[in-house]
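S.K.: Shown below is the structure under consideration.
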Amino acid sequence: MVVLAASVLSKSGKVLVSRQFVDMTRIRIEGLLAAFPKLVGTGKQHTYVETENVRYVYQPIEALYLLLVTNKQSNILEDLGTLRLLSKLVPEYCYSLDEEGICKTAFELIFAFDEVICLGHKENVTVAQVKQYCEMESHEEKLHKLVLQSKINETKDVMKRKASEIDKSKIDKNKGDKGGFMSMGSGRIESSFSDMSISSSGSGFGSSSGLGLTTDVDSFSTKSKGRQLSSATAPPKGLGMQLGKSQKTNQFLESLKAEGELIVEDVQPRAGQARVAAAAPTDPITLTAEEKLNVTLKRDGGISNFDVQGTLSLQILNQEDALIQVQIETGGNPGILFKTHPNMNKELFSNENILGLKDPNRPFPTGSAGDAAGVGLLKWRMQSADESMVPLTINCWPSVSGNETYVSIEYEASAMFDLRNVVIYVPLPALREAPNVRQIDGEWRYDSRNSVLEWSILLIDNSNRSGSMEFVVPPADSSVFFPISVRFSATSTYSDLKVVNIIPLRGGGAPPPKFSQRTNLITENYQVV
C-alpha cells in the first residue's frame, strides 16, 4: 500500500492539516483535497471514494474529516487500519476537535503522522508507542539547558549582589558625609560615630583597614533610634540633624524592602557577616583549602576520568596582620602535584613548606568579611586510574518485565570520606506521573519538568556506606537512565593539606595572629555514563 497524504479537513472542505508522504507538487495535492468534498455524498454508509487515479479513505470526527489519499493499488483493509490508528491519535493531541484545536496542535499531529506512516507505508506501532516516540527528548539537550540556566541564574545573582553593594556604598557615603559635618557641631555625636570608623575632616579618628565601609545598616539605624530617645529632653543644638539622618536612613531601608525580597536577602546576610567579623577579632585570618572533583565512571565498571583540582586561598581582614608567612603540611600523597602562585617564593615552599611572598616586606592583600574568595596561594592537581580512589560508585540495573521496567540502583561509598548532602540524579523517560518507588535508603523527588528522579542522602558515614533504591517505570531502553549525575561534599580532602602555623614578619615581638582553616571537597562534574 502507498499512502500519498494524510489530512484533516473541515466539513466545508477547508484543509486544516495535511502531510504528504511521497513527492508531489503543491498544485496536485491541493487539487486532490479540493475535489474530495464534491465526491462525498450524504447518507452513505461507506467511508471511501474512488476516482480514476486515487482512492479517498475517510472517517468523520465530529465536525471534521480525517482523510487518507492512497493509490488504487493499495490494500483498503490496511488503509482502514491506518485510518483507525490516526483517528485515535487526533483526540490525544487536540484539546478540542474543531478548527481552532487542530490548528493549535498542527505540528504535533504532523509528528504523530510521521511516526505512523513512513514513505507511504504503515509502521507497526501503537498509540502508546507513538506518544512515547514523540515525547522523547535529548538528554544532552537537557544538560545543556541546565548548564545554560545555571549560568543565567549565577549572572542574575552577581547582578543582584553588585546592585546591593552599590546601594550599601551609597548608604556608607551618606554616613561619612553627614557624620563629618555633625562631628563639628557636637562632641556627643562625634563619639557616637567613633566606633563605626567613619572618616571625617579634622576629627582624626578614621581607620585605614577599610572596615568602616562595611558597617551594617541595622546597627546604624539602631544607634540613630537610640539618639532620638535620649534627645527628647536635650537641647536641640546639633541633634536635629541626627534625627533627620535617621529618618532618611529608615526611608532608604524601606525603599530597599519595597524593591523585592532578593535585595533584602542579599543585604542582610552581609550585615550579619560584618557583625560576626567585628565580634570575633580572634580569627582575623582564614585559610580555605578546597578541592573540586571531576569523575566519569563507566556503567559497566571502570574509570574514564578522575581529576582532582585543589586551591588554598587566604583571607585577611586587618592590614596590620597582612605581613605574614603561612607554614603548611601536606599529606604526602605522591600523586599530587603542587604549584604556587607566581608571586610566591618557590624555593621557600620547596625547602620548608612555607608560603611567603618573594618580597618579604610586601604584605598580602586584605579584604572584607564578605569577600569569600580570598587570595589564591597554592594550587594542586591529582589524576588517577585507580578505582579505589573513587569516593562513591553507582551501579544501575534496569530490566524489562512485561509492560514495566524495574530499575535497581545501589551506591557504595569509600571509607576515605564522610559524604554530606548527597544527591543522585537519574534521568527517566517521559512520564505522565511520578515513578513507583518501591524501596529506597534516603529520600526521593521527581522533577517532572526535566524528567529526573533525585535520590537524596543527607549523610553517608560508617553506618550507611552502601544503600539501594528500586523503582518501576513503563517499558524503556536501558540507555535512557544514563548518564547519572552525582553531587556531594565532604570536610576532608585528598591532599590532607593542613595549616601548621602563621609566621608574623612584623617586628616588635608580637604574638602570631590567630587563624582558622576551612577544608571542603565538592563535586564539579561527577557522572556515570
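The values are calculated or read from the model by the stated rules, or taken from the named source; none is laboratory data. Note that the coordinates shown come from a computational prediction; the quantities given were computed from them, not determined experimentally. Cβ: placed from backbone, ideal geometry, glycine included. Neighbour counts: every protein chain shown. Accessible surface areas use protein heavy atoms only, side chains included; no ligands, DNA or RNA. Shrake-Rupley method; radii C 1.70, N 1.55, O 1.52, S 1.80 Å.
S.K.: Just a yes or no: is a residue in the range 375-382 among the charged types (D, E, K, R), open to solvent by 50 Å² or more (accessible area, probe 1.4 Å), farther than 24 Å from residue 483 by Cβ and not in a strand (DSSP E or B)?
M.R.: no
The rows are residues; the columns are (1) outside the structural domain of residue 16 (by the TED database); (2) closer than 17 Å to residue 16 by Cα; (3) open to solvent by 10 Å² or more (accessible area, probe 1.4 Å); (4) part of a strand (DSSP E or B).
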| position | (1), (2), (3), (4) |
| --- | --- |
| 34 | no, yes, yes, no |
| 66 | no, yes, no, yes |
| 70 | no, no, no, yes |
| 97 | no, yes, yes, no |
| 101 | no, yes, no, no |
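S.K.: Continuing with the same structure: Is one or more of the residues making up the range 392-399 of a type in the set (Ser, Thr, Tyr), touching a residue at least 40 places away in the same chain (Cβ under 8 Å) and at positive phi?
M.R.: No, the range 392-399 contains no residue that is of a type in the set (Ser, Thr, Tyr), touching a residue at least 40 places away in the same chain (Cβ under 8 Å) and at positive phi.
S.K.: Failed condition for residue 478, given (1) surrounded by fewer than 16 Cβ atoms within 10 Å (Cβ to Cβ); (2) farther than 30 Å from residue 126 by Cα, with all others met?
M.R.: (2)
S.K.: Follow-up. Residue by residue through the range 400-411, note down the ones that are loosely packed, with under 15 Cβ neighbours inside 10 Å and either in contact with a strand residue (DSSP E or B) (Cβ under 7 Å, 6 or more places away or on another chain) or in a loop (DSSP other than H, G, I, E, B) (or both).
M.R.: 402, 403, 404
For (1) part of a strand (DSSP E or B); (2) at pLDDT below 95; (3) buried (at least 18 other Cβ atoms within 10 Å of the Cβ), each residue gets a yes or a no:
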residue: 397; (1), (2), (3): yes, yes, no
residue: 416; (1), (2), (3): no, yes, no
residue: 423; (1), (2), (3): yes, no, no
residue: 464; (1), (2), (3): no, yes, no
